[in-house]
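Heads up, the thing below is written out as structure tokens.
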């Protein structure tokens, strides 16, 4: 895996997540509502772990992998868990359905929460960033081999 791929994938993830800071409305539906006050820290952490990965070797990469894995687990428990099991422990189903009712949906099932388009793409991007980061190995230079 090339470093360029690593950088591109992680920047795309950060740019997509940045939409949760500012929000984006398309027509009469939201791709995502802006929530800067609630989300700024969650934008700062992956940015810092990404930069750490770029300026250090394995330590930064491992910290970034831990962050990406934890972020995905949190997202899974907040979204897909409700879809799969009809309930969860990160809020009530009815409130979740109501909160995301104005967001663009691929699938809408009455009485069941299904992640909106923004979150489906976010979760896919987190997985891709995790896999690309996991597969990336720092390229050795001639100086390293001497």
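Structure summary
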| read-out | value |
| --- | --- |
| Residue check for residue 133: under 26 Å from residue 56 (Cα atoms), more than 13 Å from the chain's Cα centre (by Cα) and surrounded by 13 or more Cβ atoms within 10 Å (Cβ to Cβ) | yes |
| Qualifying positions in segment 77-104 - part of a loop (DSSP other than H, G, I, E, B) and surrounded by fewer than 16 Cβ atoms within 10 Å (Cβ to Cβ) | 86, 87, 89, 90, 91, 92, 101, 102 |
| Long-range neighbours under 7 Å by Cβ, at least six apart or interchain, first residue on the phi > 0 side of the Ramachandran plot and modelled with pLDDT under 95 within segment 8-30, second surrounded by 14 or more Cβ atoms within 10 Å (Cβ to Cβ) and assigned to a strand (DSSP E or B) | 23/30; 23/32 |
| Qualifying residue in segment 27-43 (condition: within 19 Å of residue 130 (Cβ to Cβ), in contact with a helix residue (DSSP H, G or I) (Cβ under 7 Å, 6 or more places away or on another chain) and assigned to a helix (DSSP H, G or I)) | yes |
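The values are calculated or read from the model by the stated rules, or taken from the named source; none is laboratory data. The structure presented is a predicted model; accordingly, all values stated were derived computationally and were not measured. Reconstructed Cβ throughout: ideal geometry from the backbone, glycine too, with neighbour counts over all protein chains shown.
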